[in-house]
Every structure is written in structure tokens, then in C-alpha cells.
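Okay, structure first, notes after.
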Amino acid sequence: MESNLSTRDKTWLGLAAIPIIIYSIIPIIWMLSLSLKPSGDLADGKFFPRHVSWTNYALILTGGAKDLFLPALANSVVVCLSATVISVVLATFAAYAIARLDFPGKKLILTTALAVSIFPVISLVTPIYNLWRAIGLFDTQIGLIIPYLSLTLPISIWTLSAFFKQIPWEMEQAAQVDGATSWQAFRKVIIPLATPGVFTTAIISFFIAWNDFVFAISLTSERARTVPAALAFFTGASQFEQPTGAICAAAVIVTIPVVVLVLFFQRRIVAGLTSGAVKG
Amino acid sequence: MTSLAEDAGHEASPQAHRARKAALSDRARAERALGWRLAGPAFVIMLAVTAYPILNALWLSLFNYRLTDPNARSFVLLQNYVVILTDGLWWTAVGITVAITLITVVVEFVLGMALAMVMNKIVIPRRTLRTVILVPYAIITVVSAFAWKYAFAVDSGFANHWLHTLTFGAFPLTYDWFGGTWSSLAIICLSEIWKTTPFMSLLLLAGLAQVDSALDEAAKVDGATFWQRLYKVTLPNMKAAIMVALLFRTLDAFRIFDNVFIMTGGSQNTSTVSLVAYNQTISRAEIGMGSAVSVLLFLIVVGICVVFVKAFKVDLAQVKGD
Amino acid sequence: MRRPTAVAAVLAVGVTVGPGLAACGSNQSSAGAKPTLTWYINPDGGGSDPTKKGQAQIAKECTDAAGGRYAIRVQLLPNSASDQRQQLLRRLAAKDSGIDLMSIDPVFVAEFAEAGFLAPVPRNMVAGFTKDTVNAAIEASKWKGSLVAVPFWANTQLLWYRKSVAKAAGLDMSKPVTWEQLITAGRTQKKTIGVQASRYEGYVVWLNALIAGAGGKILLNPGATADRVKLGLDTPAGKAASTVIQQVARTGVGGPALSSTTETEALNLFSNSATSGFLVNWPYTWAALPTNGVKFIDDIGWAKYPETVAGKPSAPPFGGIELGVGAFSAHPDLAYDAATCIASPEHQKLYMLGTGNPAANKTVYDDPAILKQLPMAALIRQSLEDAAPRPSSQYYGDISTGLQREFSPPNAVNPRTTPAAATDLITSVLKGNALL
């Protein structure tokens, strides 16, 4: 990506970044602050904690809630990564076929994808719960991955179809004229061009699965519970006290690996076309 | 591809022509087979998981069925739908949901586009900015809702204090944000916008990255202003990405639940359609009525999809030509 | 045909061998199939930790006391009562045999019992479960005349007040006070009364206490089918209750964010040294006040729940937990055996000391250790004896949600119209003619 911007443009952009970063970060710092406040201070109306207390983190990492939180974290990571990988792979194939090949039923696939993802999940859980209990998938990671695929596949297919559609047709044609098979054209020409789309789709799929609550709380019990569901089991000092601090601490911890993931992949999203490849 | 074959066929003998035609349809058939082999697994998985539950929900919506009283289940055909469509609460909920959807999607699109453009061109601090912009999307929805609720609560929140200071005391310290319909909606929308703009900006960024900068440069050389370049060069070339972003974001916005549930629970007339479905299905354990609400919600959202696809005139399935 | 004798033989062996095994401690795993009873518990601050004096500890102690006949394993349920109901309902509707014991909120007992989710209480055990138990807890564990659940612990609300504020307002807190007196005191002294009026179950708790205190009942015919339900909202009692709510909202004594006040916000209001006056809340308040950094603990007193109508004794709210045995459990007899151990006075005392949740058994309140930790123990017991449970109905979810909807927000409550509107809504909903 060329950046033949003038220094003036670069400075303006750099300055524009500041309010953007502030706007994105304030609620997160607030959450961090809530997690560091001792429970008595939660109602003091201050943005920053007056006394920093690590009890919430101790509670969820080494204390009473660790048996609830740490396995949930592991489950979340495994389930969401699996769902993302499977979903992106399958969606890439499907999207390529839809955008590039001619076969009957393309519209049907796209429509089905949409219909499946927009039906309210709350009415789907009980039948799936009953089905899973009958075949023994209740409270397993696979039992969660499969419904998550129904959440992530539709948007993955649509996003990737949109991307494949925007890739110039000439590139693949050129490759085929040069003697490549459809598969080789796909692998050597299309995949590098589709990288921004694939990584975008991967990140979005991951976050959709990461944030899901309804499936998680209904289809899991102690073994396969993920983090959003585990948060519903956190308890305060008594049943009438909200475990706000602990929940915020959990959310902060859970966000760290995700931030690392994003940091790693953000470059790929824009590592796209160079003008040479299109024209050349 | 077809044109090549046709051109080639004109000059050959009928036999060779037929052979080429046969080869063509072989190729077409191979293409079809490949197409279904590639797209098949995804299609099958999507259907396998949801076909039974969706059909089950459709079927149950024709009944009066309480989970705790299965023996009293009775077939009422469309009675549930009649009850829903004649209930004031339903129409209020639809109205509120439409309002939230419009506000959030429009704001998010504008904001998301701006963010995408900054992310696209920025040099320093590129990695930080792109990561930071995406972080809100990574926060678990329920926790985000709690955090925003606490931020604007009268006793535990800082927002009133800050606003009080910023307006030099004009803003009341004890303003109850969740005490009225529009103030509650304001916070709900703010929270929703904050959380999901990254989704929009991510899709728009990837679409933006595909726009050939040579076109932009050419337009600049021709003397076009920033806005002209935006409207005439950038946006049209991102049409597919914009459509997917807007479509999915609208679908999600219409089904908003977490923020409303946690912040107001539907009080102050802020019920949304998903909340109505939740109340029937879970609080009342009335599976029949709840399924009917879900089906209606589904139909409305399908309507939105149709409108979108037709308005954008982008056919993702169309292969040849643009 | 052979089975009864086989079972009798096993029991006989168990009874003779049991004591011997118990002497060896609980590290046996002899004779393979010692059944494990799964007890679904609501989170209580003790979590799943068997040393924190919560239900998990009771489970461990009762496993040890069982002498090898069974082991009790706890499974956590989500934090909020409605989530707990969801989880249990879904499983029980699927006839889950893995639910042996469950800790149920009293308002769900009727729904579960009517749906056939609770195994019947053995007749010879009824007397044992109800001995020395407060009436409200027994009433809440009954359905259509018979006992269907085991009272475990019982909760009620007290009136907490600032002694200085009460004195300045001229209130004699040694006598019963009415809501009207409190509201006037709050208004004239510019102090707050902490109540729960957010759109959630706690609001119905308040409403029910107000109506019951005025001599009325929300539900006139418990056990009725949906189309026959008769509500007692549009009555003088209902109007009196609505008036109290309206006054609290109008005078502003409920705080600036009355429509979002739950137990936590109410406690926060009361912890504000500048404006706090009165608070109606559960006894967990006593332990939570120091944690909230409250400096005026010496200025805090407690009294019985305020009266709705002058002269009529108040009916404090009732909460707590009842133990239910799943109807599809493989070992209902063992489960009831376990329930006897769990709900025994000793364990109720342990639980009360450990978590602050008051016992359902009256004899526990005489214990000196209890009196030391909870100086208001006698008042709690008295309040429990006068407490009025919320309506007992298999449709409690509908009634409660309907009430929450019509009575929210509190400043829109009108004694002339709201009770009638609520009655209309709930009866329509129950007949299937309206959305909730």
C-alpha cells in the first residue's frame, strides 16, 4: 500500500486518530476502573478508582471463581477458533463458487444463508436443546460449534461473495489463458487477492461466536460453558449484590487475547492489491 | 469464456462445432459439479442445524402451548398471529425497534466510513489505531451493556458528573437517564453504536482496500474535490461491501436485545421486538406465542432484506459482467 | 417381582454396614454404584466451595452424614432467579433424570408442582419438614393443600432507619410506623427512603407487601386455571398500595432514579450519609453496610416493615429457598433423605451464620451465636411469622411480569386506574388474548 501522502495529510490523520482512540477507549477504561474498585466504592460515581483493589482479579484467576472462569476461557477460545476456522474455510469455497462459477441454486444458497442467520435464536434453542440431549451433544464443545456455524457461515458467505465479486475477473481469466486449471487459478491468483476479505471474515466470525450468549447458556453445563455464559453464574457477596467488579474483571481478561489476535491480523486486512497486479 | 468458444465455432466444420459444443457443456457441467461441491458443505451445515428448529418453531406457532402444561396444547391456527398483530405492545415495539435501527445504522455507517477512511490512509499510529478501533467489538455484549448502564446511572455513574462539569453546572447531577423513553433510547443507541461501529468500519475498510487507488489518483489529477471523489469514485466501487455491511448491520440492529434487556428491561416503553419474543417464550414459557412472535420478526427482517437487495441492485450471484 | 426383596436386602445391608463405614470417614468408594445425587443450587456467596459455609458445605457434610448411602454433588445455577427458573424448566420439561435436588425460589414452587416436576413428599416426612417452621415458609412449599417442597431458609425485609432522622421527624420507632409517616418524614427532612421499584421481581415483592399489609391479596383464587383467575388488585387494598407508591414517587423520597432502583441502589441511597433516611431491604444489608464504607453504623436502627394502613399489622415480604426433588430423579427417596439432612436445624443455623440467610426453623433464632452475629434476629423471626408470601399460582411468571409492566414506571402509578389496568392486562394475557 503506497502512502504517498504529504506530511501535512499525515499529520492531520495522526491528529484525527486521537479523538477516535479516546472515544473507543473510554468505556473500556471505565470497565477496567470498575474491575479495580473495591465493592464498597462501586457507587461513588468516580471515573477512576480511589483505591485500587485487585480482589476481583484474584477472585477469578486464583480464588473462588477460578473454577468457573478459567475453564470457560479455555472453552471460549477452542469453540470460537474452531467455529471460525471451519466457517471461513467452508465459506471461502462457497463464496468462490457463487461469485465465479455458474451453477443452479446460487441464489438459493445465498437466500438460505440469510434466512438461517436472521431467525431469532431464542426460538431455536429449545428444539436444539432437546435434539442435543437426545443424541448426546449437550454440554460438549462440538454441540456448541455446530450451532455457531449457523451463526457465522451466513455472514461469511455473503462477505466473501462480495469480495470475490469485487476482484477483477481479468486476473483469473489471464491465469487460465496462461494454462492454469480452475484450482490453480484459485490458489495462486484469487487467494492472495482475497486475503483482506478472508481475514475480515475471520475476525467477524470469531467475534460473533465470541459474543454469543443464548446458545452458550442453553446448550452447556459445567463442561463446555463459555465465558458469556459463565458470567451469568458469577455471584456477589450475597444473592442480592451484583458481581459487577468480577464481571468487568473477567471481561477485561477475556479481551486481552482478542486484542493480541487483532493486533496480529490487522495488517492482513489491508494487505491487498497493489496497482501493479491489476494492470500488469 | 462463452464468447471465445462461440467465436471459435463460427469458422469450424459442423462436426468440430458439435464436438466443441459437447466440450462446452462438459465444461459447464464440470463447473456446476464443482460449484456444488464447493458450496455444498456450507449449505448442508447451515440447513442441517437450523432446518428442524425453524420448522419446529413455525409449527409450534400455530398452537397454544405452554412448556409447563404440554397436555393443554391446542391447535389454534393463526389465532396467535391475530393476537399479536392487534396488540398495542407489538406495534410500539416495532416502532421503537425501527427507530433504534434507523438511528444506529445511519450513524454507524457515517462513522464507520470515516473510521475506515482514516484507517486506510493513516501512517502513524497505524497499528494502534486499527487495533483500538476494533476493540469495542471484542467486548462481550452483556458486559458492555452493564458498563454503559453503570456509567449513566445516577449513583454509580460518572457521566452525570462529567456533563455537569462540562456544562459549568447547567446539567443536573441527578438526571435520571433511564427515567424516560427518549433518554433511555439515547443511551441504548449510544451503547449499540459504540459496540458495533467496528463491525461496519471493518467491512468498509476491507471494501475500501479493494478500491483501486489509481482511479482515485486519476480523479484527483482531473481536479475532482474530496467529496466528488468520494461519491463518484470510491463509494460506487465499494457497492458490494457497503451492501453487505449495511444489510447485516440492519438485520442485527433490528434484533437488538442485550442492551435493552439490561438497561431498561423494556420499561419506559422501550420494548423491542426481540424483548417481546423473549417475554413470551421465556417469562411465560408460552412456546406457541413466542414462536409466533419470532416468525413475525423473521418475516419483517426478510422484508428488510428484500428491500435492501433490490435497492442496491447488487447481485452477488451474478457472474458474468457487472 | 424380585425387585422389592432385592431392594430390601440392599437397604438392610446398608443400614448395618453403614455406621461401620461412616466410622472410617468418607474416603470409601466401596460397592461401585453409590448413587450421586445432584443438587442444583442458587449461587449464595459460597459458590461451589465446600469450605465457605454455603450450600456446598452443607452438601459435603450431608454426604459425610449419609454413611455411604449416597453422595451429594452441587451444580451451580445462574445468579438471577429468572435464569435459574429457565434452566430448571428446560431440563425438567425434557424429563432430565439428572436433577435430584434443586434450590427453588418460593414463587416457582407452584409452577413446578403443577407441571409435575416435583416428586411427591413422602407422607411420613411431612411432619418432620414442617416442624417448628414459620408459617409463610410452609405455605410457600404447599400446592393445592399438600406439601410439595422442603422449607430451607426464609427471607424477609426489615425497615432500616437512621435514628437521627427518625428522631428529628418525631417518629417513635418503638411503635409500628406507616408508610405515610415515613414519606412525610422523608419529605420534611429531605431524606430518602430506599425501596425497590425497578422493573423486576423486587418491585412485585414491594407491591405484594403493600397489598397484603392492607389486608388484601393479589390473587384471590390460587390454583385456578388460567381463564378463572381472579385478581384482588382493584380493591381498597390495591388502591392503598398504589397510593403509597404514587406518594413515594411524587414526593421524590425514593431518590432521583426511582424507576431503576433495585436492592443495590436502595442500599447505596441508604449509604449516602447526607441524604439517607430509611430503607426497606433484606437482612443482607447488615453485613453489606460496613463493606459499603458506611461510617454511621451506630446511627442505624431496625424495625418491622412499615404498615400500609394505620393500625393493621404489616405483612413483610417473604423470600428464601425451598428444596425440591425432581420428579424424574432416579432416587427420590434418597433425595428426600438428603433434604432432611440439608434442612435440619443444625444446617440451617450453619447456613444462617455463614451466609446471613435467615433460617426457616424458628428454634434456630434462640441460638446465642445467631444473636451475636445478627442482633436483629428476633425481629427477623417476628417478621417471618407475619410475612405474606407472594401469590401461589402456576402462572406466577405471567402475573408478576404483568404487574411489573403496569406499575412501571412508579411515577405513572395512579390509584384510580393502574390496579384496574393491571387486572385487565393480566386476565387478558392469561386467556391468551394479549401479549405480555
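Which trypsin sites (Lys or Arg not before Pro) in region A:10-72 sit in a loop by DSSP (not H, G, I, E or B) and have at most 11 other Cβ atoms within 10 Å of their own Cβ?
Taking region A:10-72 and a limit of 11 other Cβ atoms within 10 Å, the loop trypsin sites (Lys or Arg not before Pro) found are A:Arg50.
Show me the trypsin sites (Lys or Arg not before Pro) within region C:232-336 that DSSP assigns to loop and that have at most 12 other Cβ atoms within 10 Å of their Cβ.
Sites meeting the loop and neighbour criteria: C:Lys295.
Give me the distance in nm between label points sitting 7 Å out from Cα along the Cα-to-Cβ direction at A:Trp12 and C:Ala378, one decimal.
Result for the modelled spin labels: 8.0 nm.
Separation of region B:154-228 and region B:286-305 by C-alpha centroid, Å?
Result: 31 Å between the Cα centres.
Peptide C:76-83: average number of partner chain Cβ atoms within 10 Å per residue?
Average per residue, whole number: 5.
If you rank B:Phe308, C:Phe129 by fewest surrounding Cβ atoms within 10 Å, what's the result?
Ranking B:Phe308, C:Phe129 by Cβ neighbours within 10 Å, fewest first, gives B:Phe308, C:Phe129.
Putting +1 on Lys and Arg Cβ atoms and -1 on Asp and Glu Cβ atoms, find which of C:Thr264, C:Val248, C:Phe278 reaches farthest to the positive end of the dipole of region C:226-313.
Checking the options against the dipole of region C:226-313, the answer is C:Val248.
List, in the order given, every pair from B:Lys149/B:Lys310; A:Lys46/C:Lys191; C:Lys175/C:Lys230; A:Lys10/B:Lys310; B:Lys149/C:Lys175; A:Lys106/B:Lys121 whose Cα-Cα distance in the structure shown is over 31 Å.
Pairs exceeding the cut-off: B:Lys149/B:Lys310; C:Lys175/C:Lys230; A:Lys10/B:Lys310; B:Lys149/C:Lys175; A:Lys106/B:Lys121.
Using a simple charge model, +1 on the beta-carbon of Lys and Arg, -1 on the beta-carbon of Asp and Glu, nothing else, what dipole does region A:1-53 show about its Cα centre, in debye to the nearest 20?
I would put it at about 140 debye.
Answer with one residue from C:Leu88, B:Phe226, A:Phe138: the one whose Cα lies farthest towards the positive end of the charge dipole of the protein assembly as shown, charges on Cβ with Lys, Arg +1 and Asp, Glu -1.
Checked the options; the winner is B:Phe226.
Quick check: residue separation of B:Asp26 and B:Lys121 times 0.36 nm, minus the Cα distance between them. What number comes out in nm?
Difference between extended and current length: 29.5 nm.
Roughly how crowded by other chains is peptide A:34-44, in terms of the mean Cβ count from those chains within 10 Å of each of its Cβ atoms?
Counting other chains' Cβ atoms within 10 Å and averaging over A:34-44 gives 5.
When the helix-only estimate is applied to chain B (DSSP H runs of n ≥ 4, each -39,500 (n - 2.57), divided by the residue count), what is the mean residue ellipticity at 222 nm, nearest 500 deg cm²/dmol?
-23500 deg cm²/dmol
When only Cα pairs under 8 Å and 6 or more residues apart are kept, what is the percent relative contact order across region C:277-365?
Averaging sequence separation for qualifying contacts and normalising by length gives 21 percent for region C:277-365.
Determine the alpha carbon to alpha carbon distance for each of C:Lys131/C:Lys349; C:Lys142/C:Lys431; C:Lys144/C:Lys312 and list only those over 19 Å.
C:Lys142/C:Lys431; C:Lys144/C:Lys312
Under a Cβ-only charge scheme (Lys and Arg +1, Asp and Glu -1), can you give me the dipole magnitude of chain C about the Cα centre, in debye to the nearest 20?
320 debye
Treating only the Cβ atoms of Lys and Arg (+1) and Asp and Glu (-1) as charged, compute the dipole magnitude of region C:294-365 about its Cα centre; round to the nearest 20 debye.
240 debye
Going by C-beta contacts inside 10 Å, put C:Ser141, C:Ser428, A:Ser39 in order with the fewest on the left.
C:Ser428, A:Ser39, C:Ser141
Just to be sure I understand the model, the point goes 7 Å from the Cα along the line to the Cβ. What's the resulting B:Val44 to C:Ala421 distance in nm?
Each label point lies 7 Å from its Cα, and together they span 5.6 nm.
Given the options B:Ile133, B:Val76, B:Val94, identify the residue whose Cα lies farthest towards the positive end of the charge dipole of region B:72-197 (+1 on Cβ of Lys, Arg; -1 on Cβ of Asp, Glu).
So the residue furthest toward the plus end is B:Ile133.
Cα atoms only, region C:167-220: Rg and Dmax in Å?
According to the Cα coordinates of region C:167-220, Rg and Dmax are 13.5, 41 Å.
For region A:31-67, run through the chymotrypsin sites (Phe, Trp or Tyr not before Pro) and keep only the ones in DSSP coil with at most 12 other Cβ atoms within 10 Å of their Cβ.
Answer in residue order: A:Trp54.
For chain B, with a Gaussian network of springs between Cα atoms less than 10 Å apart, report the residue from B:Ala206, B:Ala186, B:Ala48 with the top mean-square fluctuation.
B:Ala48
Can you sort C:Trp282, B:Trp90 by how many other beta carbons sit within 10 Å, fewest first?
B:Trp90, C:Trp282
As a test of the formula, what do you get for chain C when each DSSP H run with n ≥ 4 contributes -39,500 (n - 2.57) and the sum is divided by the residue count, at 222 nm and rounded to the nearest 500 deg cm²/dmol?
-13000 deg cm²/dmol
Which of A:Thr111, A:Thr201, A:Thr220 moves the most in a Gaussian network model of chain A with Cα springs under 10 Å?
Judging by the Gaussian network model, the answer is A:Thr111.
In a GNM of chain B with a 10 Å cut-off on Cα contacts, which of B:Gln15, B:Gln79, B:Gln228 has the highest mean-square fluctuation?
Largest GNM mean-square fluctuation: B:Gln15.
Show that you can apply the helix-only estimate: for chain A, add -39,500 (n - 2.57) for every DSSP H stretch of four or more residues, divide by all residues, and state [θ] at 222 nm to the nearest 500.
Counting only the DSSP helices, I get -23500 deg cm²/dmol.
What FRET efficiency comes out for the pair C:Ser174/B:His164, r = Cβ-Cβ distance, R0 = 41 Å, nearest 0.05?
Computed FRET efficiency for C:Ser174 and B:His164: 0.45.
What residues of region A:102-124 lie in the reach of a label at B:Leu58, counting those whose backbone N is under 15 Å from a point 7 Å from the Cα along Cα→Cβ?
A:111-120, A:124
Give A:Lys37/C:Lys372; A:Lys37/C:Lys53; C:Lys163/C:Lys239; C:Lys217/C:Lys239 a once-over and call out the pairs whose C-alpha atoms are over 19 Å from each other.
Checking Cα-Cα distances, A:Lys37/C:Lys372; A:Lys37/C:Lys53; C:Lys163/C:Lys239 exceed 19 Å.
How many Cβ atoms of partner chains, on average, are near each residue of B:173-182 if near means within 10 Å of its Cβ?
For this peptide, the per-residue mean of nearby foreign Cβ atoms is 3.
Quick note: the coordinates plus some simple rules give every number you see, no bench work behind them. Remember, predicted model here, so these are calculated numbers, not experimental data. Every residue, glycine among them, receives a Cβ derived from its backbone with ideal geometry; neighbour counts consider all protein chains shown.
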